[in-house]
1. Kindly indicate whether residue 169 is surrounded by 22 or more Cβ atoms within 10 Å (Cβ to Cβ), more than 14 Å from the ligand (Cβ to nearest atom), at pLDDT 95 or above and polar (S, T, N, Q).
2. What's the number of the only condition in (1) within 30 Å of residue 9 (Cβ to Cβ); (2) among the small types (Gly, Ala, Ser); (3) more than 16 Å from the ligand (Cβ to nearest atom); (4) at pLDDT 95 or above that residue 153 fails to meet?
3. Select from the stretch 137-154 the residues that are touching a residue at least 24 places away in the same chain (Cβ under 8 Å) and at positive phi and list them in ascending order.
4. Being in a strand (DSSP E or B), among the polar types (S, T, N, Q) and at negative phi, is that true of even one residue in the stretch 59-73?
5. Scan the stretch 215-229 and give yes if some residue there is more than 12 Å from residue 32 (Cβ to Cβ), crowded, with 21+ Cβ neighbours inside 10 Å and near the ligand (Cβ under 7 Å from one of its atoms), otherwise no.
6. Do we have residue 133 as assigned to a loop (DSSP other than H, G, I, E, B), within 16 Å of the ligand (Cβ to nearest atom) and touching a residue at least 40 places away in the same chain (Cβ under 8 Å) here?
7. Would a scan of the stretch 177-196 turn up a residue that is within 16 Å of the ligand (Cβ to nearest atom), within 22 Å of residue 222 (Cβ to Cβ) and hydrophobic (A, V, I, L, M, F, W, C)?
8. Quick one: in the stretch 199-211, which of the residues that are in contact with a Lys or Arg (Cβ under 7 Å, 6 or more places away or on another chain) and either on the phi < 0 side of the Ramachandran plot or touching a residue at least 40 places away in the same chain (Cβ under 8 Å) (or both) is farthest from the ligand (Cβ to nearest atom)?
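The values are calculated or read from the model by the stated rules, or taken from the named source; none is laboratory data. As the structure is a prediction and not an experimental result, all values here were calculated from the model. Quick reminder, even Gly has a Cβ in these numbers, built from the backbone with ideal geometry, and neighbours come from all protein chains shown.
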Amino acid sequence: MSTVVLNKKLSSNFYLMKVNKTLNAKMGQFAMIRAWDKYPLLSRPISVYDEDGEGVTFLYKVVGEGTSIFSKLKSGDSVNVEGAYGTSFPILNGRILLVGGGVGIAPLYLAAKTLKNNSKDSVIDVLLGFTDEPLLLDEFSKVARDFKYQVGGFITDLVNDESYDYIYTCGPSIMMETLYKKIVNKDKLYASFESRMACGIGVCLACSCMTINGNKKLCTDGPIFLAKEVFNV
Ligand code: FES
């Protein structure tokens with residue numbers, strides 16, 4: 001069991017929760033979290049937002065029973081955190097654009113930090129789209145060379161893919177697919193895909209996803225794929 005260090009409300013339904021657990025998470029990985037005994041049955045998969053010497057931080061959106069229970073946790077409460085699970089975004093150098101939408105912005109903060117620390121020569125720019133209240137603007141502006149956000153509309157309209165060697169994205173499926181269709185070189189886009197998950201460790205097949213390389217499990221073969229592996233099926 002881990003202990004909640006903070007659980008901060010950021011907007012009407014977004015929260016940032018830090019727990020005193022070491023996951024050594026890589027950018028794009030997730031943890032299975034539960035703060036209850038038997039019900040709801042399943043732990044919830046939540047992307048790692050950040051990790052430091054004091055613990056790991058998750059950005060989550062309240063969308064149902066499990067995340068509603070998370071939102072009521074107080075500092076000092078117990079929570080079960082298993083992980084880190086799944087694949088990570090590749091560590092690449094160059095001009096890299098991160099494009100996120102909604103709760104999909106979560107893994108992009110750790111991604112921006114990791115890529116920035118990996119190479120002083122890399123350029124990390126960030127575009128975030130929100131449906132209503134923008135979140136974590138100060139945090140992202142500190143880890144990006146150029147940071148832009150938009151409330152409403154299509155954040156993909158701001159993408160100029162020719163200016164970048166690689167693009168990493170996480171967010172609503174429609175946003176990621178629009179981005180995939182827009183960019184000329186499909187080999188430069190890596191995407192984090194979402195699905196319902198039950199076990200998180202590759203045994204239940206609840207997260208099955210069709211790719212150009214056959215059926216894959218999002219929890220162990222993903223959640224990060226070269227976008228064309230999924231969108232080009
Ligand atoms: Fe069980 Fe992926 S969630 S196999």
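1. Numbers: surrounded by 22 or more Cβ atoms within 10 Å (Cβ to Cβ): yes; more than 14 Å from the ligand (Cβ to nearest atom): yes; at pLDDT 95 or above: yes; polar (S, T, N, Q): yes.
Judged against the criteria, residue 169 is a match.
2. Tallying (1) within 30 Å of residue 9 (Cβ to Cβ); (2) among the small types (Gly, Ala, Ser); (3) more than 16 Å from the ligand (Cβ to nearest atom); (4) at pLDDT 95 or above, residue 153 fails exactly one: (4).
3. Within the stretch 137-154, the subset touching a residue at least 24 places away in the same chain (Cβ under 8 Å) is 139-140, 143-144, 153-154.
If the condition is that a residue be touching a residue at least 24 places away in the same chain (Cβ under 8 Å) and at positive phi, then 153 is the only one that fits.
4. Within the stretch 59-73, the subset in a strand (DSSP E or B) is 59-61.
Within this subset, residues satisfying the condition of being among the polar types (S, T, N, Q) are none.
No: the stretch 59-73 contains no residue that is in a strand (DSSP E or B), among the polar types (S, T, N, Q) and at negative phi.
5. yes
6. Details: assigned to a loop (DSSP other than H, G, I, E, B): yes; within 16 Å of the ligand (Cβ to nearest atom): no; touching a residue at least 40 places away in the same chain (Cβ under 8 Å): yes.
No: the conditions fail for residue 133.
7. Taking the stretch 177-196 as the starting set, the residues that turn out to be within 16 Å of the ligand (Cβ to nearest atom) are 192-196.
Pick out the ones that are also within 22 Å of residue 222 (Cβ to Cβ) and you get 192-196.
Right, trim to hydrophobic (A, V, I, L, M, F, W, C) and you get 193.
Looking through the stretch 177-196, at least one residue is within 16 Å of the ligand (Cβ to nearest atom), within 22 Å of residue 222 (Cβ to Cβ) and hydrophobic (A, V, I, L, M, F, W, C).
8. Residue satisfying both the conditions and the ranking: 209.
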